[in-house]
Amino acid sequence: MIPMMGQHVVNYGNMPLGPILLLGNDGSLIGMEYMFTLDMLEEATVMTPNGPESILELEGLPVTIPDLGITPAVNHMNIEYLPHGHEGFDQPHFDIHIYFVDEETLTNLTT
């Protein structure tokens, strides 16, 4: 469990792009994460209700989670640049977190 992000569940075939599913301590889906280098971000696509779209042109929120075939409503999101990367993806990259719950619920489900 990662504080404020929950448990991460990943299909390693999707790495590093994701999606990485974020689960609360009760097992509920609270969000998802994508990781991109700047080069990857320029070419990356995600599935939307209208089919694949460039992440830079994404207008069709909420996003469909391809592995689950569901389209939860997006509550909020954040984008973080990590100039030195982190364990598991040590290249400079962006972490994009898309949350399906409000911040109070997120706090309660990830602490």
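The values are calculated or read from the model by the stated rules, or taken from the named source; none is laboratory data. Keep in mind it's a predicted model, so treat the numbers as computed, not measured. Glycine also receives a Cβ, built like all others from the backbone with ideal geometry; neighbour counts cover every protein chain displayed. The area values use the complete protein model at the heavy-atom level, side chains included, leaving out ligands, DNA and RNA. Shrake-Rupley method; radii C 1.70, N 1.55, O 1.52, S 1.80 Å.
List the residue pairs whose Cβ atoms are under 7 Å apart, where the first residue sits in segment 19-39 and is closer than 21 Å to G85 by Cα and part of a loop (DSSP other than H, G, I, E, B), the second is modelled with pLDDT under 85 and open to solvent by less than 40 Å² (accessible area, probe 1.4 Å), and the two are 6 or more positions apart or on different chains.
P19/Y34; P19/I65
Out of everything in segment 19-43 that is at pLDDT below 75 and surrounded by 15 or more Cβ atoms within 10 Å (Cβ to Cβ), what residue ends up being farthest from the chain's Cα centre (by Cα)?
Of segment 19-43, the ones at pLDDT below 75 are 40-43.
From the residues that got through so far, the ones that are surrounded by 15 or more Cβ atoms within 10 Å (Cβ to Cβ) too are 40-41.
Details: M40: 15, L41: 13 Å.
Looking at residues that are at pLDDT below 75 and surrounded by 15 or more Cβ atoms within 10 Å (Cβ to Cβ), I get M40.
Is there any pair with a first residue in segment 95-111 that is touching a residue at least 24 places away in the same chain (Cβ under 8 Å) and a second that is among the β-branched types (V, I, T) and assigned to a helix (DSSP H, G or I) whose Cβ atoms are under 8 Å apart and which are 6 or more apart or on different chains, and what are they?
I96/I55
Of the numbered conditions (1) modelled with pLDDT under 75; (2) surrounded by fewer than 12 Cβ atoms within 10 Å (Cβ to Cβ), V46 satisfies every one except a single condition; which is it?
Here V46 clears every test but (2).
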